[in-house]
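Undergrad: This is the structure I have questions about; it appears just below.
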Amino acid sequence: MTERQKKILAAIIEQYAEVAYPVGSSLLAKVFNVSSATIRSEMVELEKLGFINQPHTSAGRVPTDKGYRYYVNSISANLNEIPGNRASQALVSRMQHAGSTDRMIRNAVDTLVELTHNLAIATTPNSQLYMSGLGYLFNQPEFLDIIQVQEVAKLLDNLEPWLREAAPNEALSVYIGKENPIGRSAGCTLVISKYRSPHNDNSYIGILGPTRQSYRDVMNLVSLAGQELEEGLFN
């Protein structure tokens, strides 16, 4: 993939996350200051590589799971919280002023819901799963179809036992679309951070939402939440 194609793919992913509508060549032509024909040519190449596709009802393109994976891998190498970011400051503030372990975890989850408009989860000290944000999750345009809602519900039903059994071991794990072992057809992404806890060897916090995500922001926030929980629980 050329450098311009990488940048176009990133632009498609970031624009699609914002508007939830296939991204057309005319918009990208303005961003990159080239002709629409040039952008369309690059889109054809990206489609051949499997990174984007064209919905039947639109002239624009949307990312595929493969495209999202490439993008996530590319931003993971230099992922860190941006100093001064208001969302990050709000998350840290609400966690640090919680007053108790249980309240800290719940504040973290509730704040992630507010900031990402997705469902958020965390393991509690007694090894249960605290979950919030179902209303936000099912209000996403991807989940207006009842069949899709049922697939997401199946994923949620199996999420807690899967976490106990699989015990993801990375500081930050991202499962995109068909990569989700318990919800391959749900069209969801799970971004989850493992953190050290004196209460539970496998403690997690994360979000579940459509594959259409502002990945950089979500990954930063989930990673930060895990770091803050770990620091708070051992101080």
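Undergrad: Could you check what % of the DSSP bridge pairs in the range 86-233 are antiparallel, to the nearest 5?
TA: On the way: 21 of 21 bridges.
Approximately 100 percent, going by the DSSP bridge assignments.
Undergrad: Quick check on the chain: helices-only [θ] at 222 nm, where DSSP H runs of length 4 and up contribute -39,500 (n - 2.57) each and the sum goes over total residues. Nearest 500, please.
TA: -16500 deg cm²/dmol
Undergrad: Still on this model: Nearest 0.05, what FRET efficiency do I75 and E18 give at R0 = 22 Å with Cβ-Cβ as r? All intermediate terms of the calculation are to be shown ahead of the outcome.
TA: On the way: r = 16 Å, r/R0 = 0.74.
The formula returns an efficiency of 0.85 here.
Undergrad: Relative contact order of the chain: what whole-number percent is it, with Cα pairs under 8 angstrom and at least 6 residues apart?
TA: Details: 358 pairs, mean separation 42.2, N = 235.
Computed over the chain, the figure is 18 percent.
Undergrad: In addition: Along the charge dipole of the chain, which of V19, A225, G183 sits closest to the positive end, that is, farthest toward it, with unit charges on the beta carbon of Lys, Arg, Asp and Glu (+1, +1, -1, -1)?
TA: Toward the positive end, the furthest listed residue is V19.
Undergrad: OK, next. Projected area of the chain, taken from the Cα convex hull and averaged over every viewing direction, in nm²?
TA: Dividing the Cα hull surface by four gives the mean projection, 13.2 nm².
Undergrad: Hey, rough spin-label estimate for K154 and H56, points 7 angstrom out along Cα→Cβ, what's it come to in nanometres?
TA: 2.2
Undergrad: Name the residue farthest towards the positive end of the dipole of the range 39-113 from the options S100, A87, I52, assuming +1 on Cβ of Lys and Arg, -1 on Cβ of Asp and Glu, about the Cα centre.
TA: Going by the charge dipole, the pick is S100.
Undergrad: For the residues S185, S223, what sequence is obtained by ranking on other C-beta atoms within 10 Å, fewest first?
TA: S185, S223
Undergrad: State which entries of K7/K178; K7/K30; K6/K178; K48/K178; K154/K178; K66/K178 exceed 18 angstrom in Cα-Cα distance in the structure shown.
TA: With Cα atoms farther than 18 Å apart: K7/K178; K6/K178; K48/K178.
Undergrad: In addition: Given an 8 Å cut-off on Cα distances and at least 6 residues of separation, report the relative contact order of the range 123-235 as a percent.
TA: Answer for the range 123-235 is 24 percent.
Undergrad: What is the sum of charges, Lys and Arg at +1 and Asp and Glu at -1, for the other residues whose Cβ falls under 11 Å from the Cβ of G187?
TA: Its environment carries a net charge of -1.
Undergrad: Going by how many other Cβ atoms sit within 10 Å of their own, how do L79, L112 line up, fewest first? Could you put the intermediate results ahead of the total?
TA: Values: L79 13, L112 28.
Fewest-to-most Cβ neighbours within 10 Å comes out as L79, L112.
Undergrad: Run the dipole for the range 86-233 about the Cα centre, Lys and Arg Cβ at +1, Asp and Glu Cβ at -1, nothing else charged, and hand back the magnitude in debye, nearest 20.
TA: The calculated dipole for the range 86-233 is roughly 160 debye.
Undergrad: Taking amide H positions as placed in the peptide plane 1.01 Å from N, state which residues far from T189 in sequence (5 or more) or on other chains have amide H under 5 Å from it.
TA: G177, G209, T211
Undergrad: Another one. Name the residue, out of A167, A37, A108, whose mean-square fluctuation peaks in a Gaussian network model built on the chain with Cα pairs under 10 Å.
TA: A37
Undergrad: Along the charge dipole of the chain, Cβ charges K/R +1 and D/E -1, which of I8, G206, T116 sits furthest on the positive end?
TA: I8
Any read-out appearing in this document is the output of simple, stated calculations on the displayed coordinates, not a laboratory observation. As the structure is a computational prediction, the values presented were derived from the model and not from experiment. All Cβ positions, even for glycine, are placed from backbone atoms using ideal geometry, and neighbour counts span all protein chains on display.
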